[in-house]
Every structure is written in C-alpha cells, then in structure tokens.
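Okay, structure first, notes after.
The values are calculated or read from the model by the stated rules, or taken from the named source; none is laboratory data. Since this is a predicted model, take the numbers as computed values, not measurements. Neighbour counts are summed over all protein chains in view; Cβ atoms, including those assigned to glycine, are modelled from backbone coordinates with ideal geometry. What goes into the accessible areas is simple: the full protein's heavy atoms, side chains included, and nothing from ligands, DNA or RNA. Shrake-Rupley method; radii C 1.70, N 1.55, O 1.52, S 1.80 Å.
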Amino acid sequence: MSRTTVDVDPGNQPPAEHDTAFFGQPKGLLTLSGLEVWERFSFLGMQAILVLYFADSVAHGGMGMAAGTAASVSAAYGTLVYLVSVAGGWLADRMLGSYRAVLWGGILIACGHYSMAVPTATMTWVGLGLISAGTGLLKPNVATMVGKLYRTDDERRDAGFALYYMAINIGAFAGPLITGWLGDHKGWHWGFSAAAIGMTFGLVQYVAGRRHLAGRRHAAEFALAPETMRRAVRLIVVGVVVGGVLATALVLAGWLTMDRFVDLLTLVSVIAPVVYFAVMFRSPRVTAEERGRLKPYIVLFLASTVFNFILFQAYSTMMLLASTNAETTILGFDFPASWYASALGAFEVGLAPFVAALWVRMGRSQPHASNKIAIGVVLGGLSFLLMVLPTAGHSSDDYLMSVWWIVGSYLLLGLGDVLLETSGMSATTKLAPAAFSSQTMSLWFLSLALANGIQAQTVKLYDDVSHPAYFGVNGAIAVAAGLAVMAAAPWLRRTMHPVH
C-alpha cells in the first residue's frame, strides 16, 4: 500500500533536551504516565471484581455463573483485548496517528465502563465490547508515544520508561482498592462506575496536557494514500456492521453460545501468532541473520505465554479462591477479597526499583536476558505451587486459609513479572527483523492473547478438580517450562546476539 508524505512540523518532534519539568524528564511523560495511572486504575479495578460479579448469584446482583465458567469468560475477555491490540497498532500507524488512537481508545473505554454501570446483563456485554476495542487502541500506542518524547540518543529514555512502568503499577494498586470496596459494600455496578470515573479523569488530563506530546498534529505518521484510506474506512465500517449483524443472527439462532464464542477466541489466539511467525520467516525482507534470531525469540514468546497464563489468573481463579477460601481480615480490619489484587501492583511498584538497581550493581555479571525470563517463569510457577500447601488436606470447601498465603503467592508473581516483562520487551525490540520493527509490540501482545486463550479453556476445570490438583499441576508445568528455558541458555546466548 502507498503512503502519503507529510511535512515535518514541531508537533511531530520530541521535546527539546532541556525539558526536564517532570523529575528531570519531559513534561509529556507526566501526561502519559497520568493517563496510564487512570487507565490501569479502571481496567484492573474492573478486572479485580469482574470474575466475582460473574460468579455471584443473581439475587445479589451478579450473573449467577459457575466459578469455572466465570473464570473462562473473564479470560476470554482478556484474549479479545490483546487480539484487538494488534489491530490498534496498525490503525495508529496508518490511519489515526498515536495521539488520536489513544484519545478514541480512552473514550471507548470510558463509554464501556459507564455501560457496565447500568445493572443489566445486556449492558455488561456491550460495555466489555467497548472496553476491549478501546484498550486495543490505547494500550499499544501509549508506550509508542512515550518513546516519541525522546530523541534516539537521549540518555533519559530508560529512566523515563521506568517512571512510566511505575505509573502503570500505581494504577494497578489503587484500582482494586476502590472498585473492590464499592463492589463489596454498595454493589458491583458501583465498582464499575468508579472505573468509568477514573478513565474520565485520565482522558481530561490527557487532553489538557496534549501540547507537551510529540506527534499530535497529523493523523498518522505513515498514513495511507487518500483513496486507499477511503477504501480502508469503508471496509472497516462494512466489516463491523456485517460482523455485528452476523453475530446477532447466530446468537438468535442459538448457534453462537458463550462457550462457542470462548472456544472461537481461543482458536484465533492460537492461529494468530503461528501466522505472524510464518509471515516473518517467509518474508523476503527478512535476512538469514534475522531469521536466526527469530528462532530463540519463539522460545521467549512461549515463555511469556506460560508466565502470563499464571499471571492473569491473579484476577480469575485466585480471586475466586480468595473470595471463598481465604481470610479477609488483617489486624482486625475486614477487607473485600478483591483487595488481594492490589497486592500484586504494590509488589511490582516496590520491587521494580530494587531489581533495576541490582542489575546496575551487577553490571556485566548480571544474568543473561533469557535467564531473567526463565527465573520469572519459575517464580510464576512457584506462586501456584505455594497454594498447594494451604489447600491440601481439606475435604470441605468451608476452610479459610491465612491472608499471608495469597499475599506470598502474589509476592512471587510480582517479582516474576518485573523480571520477565522488562527483559522480554527489551529482547522483543532487539530480536525482531528490521522490516517488522514497528510491529514488535503487536507480537508481544499476541503472547498475552495466547496466554488468555489457553487460560479460558483451562480454568473450566477449576470446578471439577481439587484446589491442590489445579494449582499444583499448573504451577509444576510453569516451573518445568522455566527450567527448560534455563537448560537452553547456552544456545540462547549464542543465537540472541545482540541481546545480553
């Protein structure tokens, strides 16, 4: 497809190096970090109570689903979010531009949360659809906009991304506290309302701070030619309308059930990365040397999938376990089960600076990126294996484990996430072929979609097997996968050049 050429203007350029208004960083970082605080506040705040809302009885304002079904539907929603993120990156590059993609994504997210605040099942599904579409537009493009704040040789870049990552986890910590309390004391839809208000705050400060952002003037950095753009818009509109009509007809005909929709998303989550890798391996624009680096990346991609399969259950099966079989009192203070999810964000905020300082202190003697990722996967598996201890030996479902078991599990999971995400995203950008460099984050998001797709099937067993068996088997598989990556470390070090 052809692309139009746009003139360079100040709105597309990174701020000058003397812009140090935000802890020595460009002022635009404050705008984008603030947006992410509220986006994660709303997204993970809603996620922390979503599975509990699905599983709660209709009499108490829930959807009345079985626990396994509730976890499966919640995972399918996550699959949809990350699959749409792949399209979101393309739309920003070729049609909307990063600024507009993030803006419209945020508007859709807010509308989705407001829809979920309406206490009807129909509006719940409408809201989840809007949030999926909006997050797909917003999430992959905010990080791109952070990168545009800096020139390539700006030494502040890594520190800026560290502040941005911390902002993400501040939102992840605060969201479940507010939505969880409201959901527990006022009703689930009050919690969804708080998520809507949070996203609205994020949008207001994003628009207010837009003058500090680079790349905001033009529709897209690599925009399609006008005629191609018109055809693309027509195809997208027609596709959305036809898809909506077809889906409605299949639902009314009784063919498209919830189970089949979940299965369809899982199938797409498996096929998409296979196709993506096949296209890269066969592309004439990919050199033999780049193909050699793609092989170890497949290993890292699968490692990410295994870890995130565990991580995402912090908001599904772990929430269900916490709501039924864990104490919700600490030092005499009662708290909602959904507050456990805040522990994960808190640990990541607290651990990230210590991990970064450790790598700086170790210098060249720090572990290779593949080993950092492998350790992260092992820690994820151990977080599940830890849950075998308090759940074993209980024949009834009315036992309550200590708060510290789940907190300890989330500590292991949070440390694993810090290790894997930072190393994995860095390796992604370095190992991807030059012809696909702008799509590297899309590929990383596909590992998250695949993790959710697999989870959507696996969590169906949560009701059918004992808790020790469920957490033990899944945890053991993750530990084995991490150890396998460690065993492959010599080969990975040789083939992952220039990743250290």
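Below, the figures for the structure above:
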| quantity | calculated |
| --- | --- |
| LEU300 being open to solvent by less than 80 Å² (accessible area, probe 1.4 Å), assigned to a helix (DSSP H, G or I) and in contact (Cβ under 8 Å) with a residue 24 or more places away in the chain | yes |
| Selection from the stretch 25-55 of residues that are open to solvent by 30 Å² or more (accessible area, probe 1.4 Å) and modelled with pLDDT under 85 | LYS27, LEU30 |
| Among (1) aromatic (Phe, Trp, Tyr); (2) open to solvent by 10 Å² or more (accessible area, probe 1.4 Å); (3) within 14 Å of SER447 (Cβ to Cβ) - the single one PHE307 does not satisfy | (2) |
| Unique match (being within 30 Å of LEU163 (Cβ to Cβ), among the aromatic types (Phe, Trp, Tyr) and open to solvent by 50 Å² or more (accessible area, probe 1.4 Å)) among PHE335, PHE354 | PHE354 |
| Any hit, the stretch 388-404, residues being assigned to a helix (DSSP H, G or I), within 24 Å of MET486 (Cα to Cα), open to solvent by less than 50 Å² (accessible area, probe 1.4 Å) and touching a residue at least 12 places away in the same chain (Cβ under 8 Å) | no |
| Search result, residues across the stretch 100-136 that are over 29 Å from ALA55 (Cα atoms) and in contact (Cβ under 8 Å) with a residue 40 or more places away in the chain | ARG100, ALA101, VAL102, LEU103 |
| Candidates MET229, MET258 - the one that is at pLDDT below 80, within 23 Å of the chain's Cα centre (by Cα) and on the phi < 0 side of the Ramachandran plot | MET258 |
| Condition met for GLY134 (open to solvent by 30 Å² or more (accessible area, probe 1.4 Å) and among the small types (Gly, Ala, Ser)) | no |
| Meets criteria (in a loop (DSSP other than H, G, I, E, B) and at negative phi) for PRO353 | no |
| ALA75 being modelled with pLDDT of 85 or more and over 22 Å from the mean Cα position of the chain (by Cα) | no |
| Among the candidates PRO468, PRO498, PRO490, residue that is outside any helix (DSSP H, G or I) and either out of contact with any Lys or Arg (no Cβ under 9 Å at 6 or more places or on another chain) or modelled with pLDDT under 85 (or both) | PRO498 |
| Odd one out for LEU320, checked against (1) open to solvent by 60 Å² or more (accessible area, probe 1.4 Å); (2) in contact with a helix residue (DSSP H, G or I) (Cβ under 7 Å, 6 or more places away or on another chain); (3) assigned to a helix (DSSP H, G or I) | (1) |
| Cβ-Cβ under 6 Å pairs, at least 6 apart or on other chains, the stretch 284-295 side hydrophobic (A, V, I, L, M, F, W, C), far side open to solvent by less than 80 Å² (accessible area, probe 1.4 Å) and assigned to a loop (DSSP other than H, G, I, E, B) | VAL286/PRO433 |
| Flag for GLY61 being open to solvent by less than 10 Å² (accessible area, probe 1.4 Å) and either modelled with pLDDT under 85 or basic (Lys, Arg) (or both) | no |
| The listed residue being at pLDDT 85 or above and open to solvent by less than 20 Å² (accessible area, probe 1.4 Å), out of ALA427, ALA374, ALA369 | ALA374 |
| Odd one out for ARG293 among (1) open to solvent by 10 Å² or more (accessible area, probe 1.4 Å); (2) out of contact with any Leu (no Cβ under 6 Å at 6 or more places or on another chain) | (2) |
| Index of the failed condition, ALA247 passing every other in (1) more than 20 Å from the chain's Cα centre (by Cα); (2) modelled with pLDDT of 75 or more; (3) in a helix (DSSP H, G or I) | (2) |
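Rundown of residues vs (1) modelled with pLDDT under 75; (2) open to solvent by 10 Å² or more (accessible area, probe 1.4 Å), yes/no style:
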| position | (1), (2) |
| --- | --- |
| TYR114 | no, yes |
| LYS139 | no, yes |
| LEU149 | no, no |
| THR152 | yes, yes |
| PHE161 | yes, yes |
| LEU182 | no, yes |
